[in-house]
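Notes to accompany the following structure.
Throughout, read-outs are computed from the coordinates displayed, never taken from laboratory work. Everything quoted here is computed from the prediction, not taken from an experiment. All Cβ positions, glycine included, derive from the backbone under ideal geometry; neighbour counts span all protein chains shown.
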Amino acid sequence: MKKLILIFLISLLVLSSCEQKSSDSATSPSNSESKPLVQSVLTKEQRDAMTPDEIIQSLKEGNQRFVSNTLTARDHSEQVRKSALGQFPKAVILSCLDSRVPVEDVFDRGIGDMFVGRVAGNFVNEDLLGSMEFGCKVAGAKVIMILGHEHCGAVKSAIDDVKLGNITAMLSKIKPAIAKVTYNGEKTSKNEEFVHQVCESNVRHAMSEISAKSPILKELIDSGQLRVIGGVYDMDSGKVTFLE
């Protein structure tokens with residue numbers, strides 16, 4: 001008798017669980033139903049129709065979505081397939097190597113939207129200038145952004161004059177930005193105020209190097225076809241402060 005009662009109780013529990021799951025699936029829409037995935041990729045016609053100012057505004061709006069955690073839902077597999085035979089990015093972003101700065105997410109961009117270059121300290125050299133020339137003159141991007149970030153290890157190492165293998169030569173590219181900072185306090189990596197000022201100076205220095213060392217990009221800038229801007233990414237909030 002006890003065995004029959006136990007079987008009866010177990011059966012009731014199973015039925016109750018099944019009914020609850022059925023109810024949940026009927027009343028709660030799936031993520032794909034509530035938030036459709038974006039499958040399209042940027043076309044040449046769409047990119048060509050945009051002005052540099054409109055592209056910059058789209059980067060600002062994308063960063064606002066990143067900060068508020070409302071990133072666009074995308075079908076990356078479909079975007080990969082649709083962009084396989086061509087790409088028409090609207091911007092080139094030069095970022096630091098730092099893994100805590102996920103560039104595409106920071107600006108809420110999908111596959112085919114931006115060229116992204118990375119090097120520790122986000123400085124400009126011959127290789128990166130060549131990449132920018134390809135991205136803008138050949139491929140048609142209309143904005144170049146130098147993206148630095150707070151608490152940058154490369155900037156701190158340059159400030160402290162770290163010497164180690166090829167890192168020594170790499171950090172020398174940041175030294176001109178340090179020299180441009182007028183500061184009366186402690187000039188070490190422990191002083192966050194000074195580090196911030198060098199970080200911003202390093203972004204501005206890279207911006208100036210673009211037109212100074214690339215006649216191709218300077219011609220695009222002078223004709224209004226290309227704009228060069230900078231930004232500093234806040235590690236704590238995810239917000240990018242734009243430097244015009």
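Points worth noting:
- Sites listed here are trypsin sites (Lys or Arg not before Pro) in the stretch 145-244 whose DSSP assignment is loop and whose Cβ has at most 12 other Cβ atoms within 10 Å: Lys163, Lys190.
- Label-to-label distance, Asp222 versus Arg100, with points set 7 angstrom from Cα along the beta-carbon direction: 4.2 nm.
- Extension reserve of the Arg81-Asn69 stretch, reckoned as 0.36 nm per residue once the Cα distance is removed: 1.7 nm
- Helix runs (DSSP H) in the chain reaching 18 Å along axis by Cα, Kyte-Doolittle at least 0.0: 2-27
- A full extension of the chain between Leu37 and Asp236 corresponds to an added length of 68.8 nm, given 0.36 nm per residue minus the alpha carbon distance.
- Added length on full extension, which subtracts the Cα-Cα distance from 0.36 nm per residue, Asp53 to Val162: 35.3 nm
- Inter-centroid distance (Cα atoms) of the stretch 155-199 relative to the stretch 34-104, Å: 32 Å
- Each of (i) 7, 31, 36, 21, 4, 0; (ii) 8, 33, 35, 18, 6, 0; (iii) 7, 26, 27, 16, 8, 6, 5, 3, 1, 0 is a candidate for P(r) over Cα pairs in 10 Å bins from 0, in percent; the one calculated from this structure is (iii).
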